[in-house]
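Data first, discussion second: the structure below is written as structure tokens.
The values are calculated or read from the model by the stated rules, or taken from the named source; none is laboratory data. Everything quoted here is computed from the prediction, not taken from an experiment. In this analysis, Cβ positions are derived from the backbone assuming ideal geometry, glycine residues included, and neighbour counts consider all displayed protein chains. The area values use the complete protein model at the heavy-atom level, side chains included, leaving out ligands, DNA and RNA. Shrake-Rupley method; radii C 1.70, N 1.55, O 1.52, S 1.80 Å.
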Amino acid sequence: MIGIVDRYEGEFVVIEIDGDSQDIPKSLVADDVQPGDMVELQNEIWVKTPSATEERSKEIKKLMDSVWDD
């Protein structure tokens, strides 16, 4: 299962999974995960997927560049 970290709220991490936001206890999320990271559920722990996060960042930058292109 793959998701996108939206934000931290108290003892929870809000992760968007298949278009739905879910509150996941911080204890089930790796310590190095930050908002905006792509994460994957591995052995019942949400871990960062650096390659997917980088690819998503590139896609967002490309979209922003096309919006702001003169």
Being open to solvent by less than 60 Å² (accessible area, probe 1.4 Å) and either assigned to a strand (DSSP E or B) or at pLDDT below 95 (or both) is the requirement here; does residue 60 meet it?
no
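Using the structure shown, decide if residue 22 is of a type outside the set (A, V, I, L, M), touching a strand residue (DSSP E or B) at 6+ places or on another chain (Cβ under 6 Å) and surrounded by fewer than 16 Cβ atoms within 10 Å (Cβ to Cβ). Quick ask: steps written out before the conclusion?
Numbers: of a type outside the set (A, V, I, L, M): yes; touching a strand residue (DSSP E or B) at 6+ places or on another chain (Cβ under 6 Å): yes; surrounded by fewer than 16 Cβ atoms within 10 Å (Cβ to Cβ): yes.
Considered against the rule, which asks whether it is of a type outside the set (A, V, I, L, M), touching a strand residue (DSSP E or B) at 6+ places or on another chain (Cβ under 6 Å) and surrounded by fewer than 16 Cβ atoms within 10 Å (Cβ to Cβ), residue 22 comes out as yes.
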Within the stretch 37-56, take every residue that is open to solvent by 30 Å² or more (accessible area, probe 1.4 Å) and in a loop (DSSP other than H, G, I, E, B) and give me the one that is farthest from residue 9 (Cα to Cα).
43
Just for the stretch 1-11: of the residues that are more than 19 Å from residue 57 (Cβ to Cβ) and open to solvent by 90 Å² or more (accessible area, probe 1.4 Å), which one is modelled with the highest pLDDT?
11
Do we have residue 15 as loosely packed, with under 13 Cβ neighbours inside 10 Å and β-branched (Val, Ile, Thr) here?
no
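Is the stretch 29-44 home to any residue that is touching a Leu at 6+ places or on another chain (Cβ under 9 Å) and of a type outside the set (S, T, N, Q)?
yes
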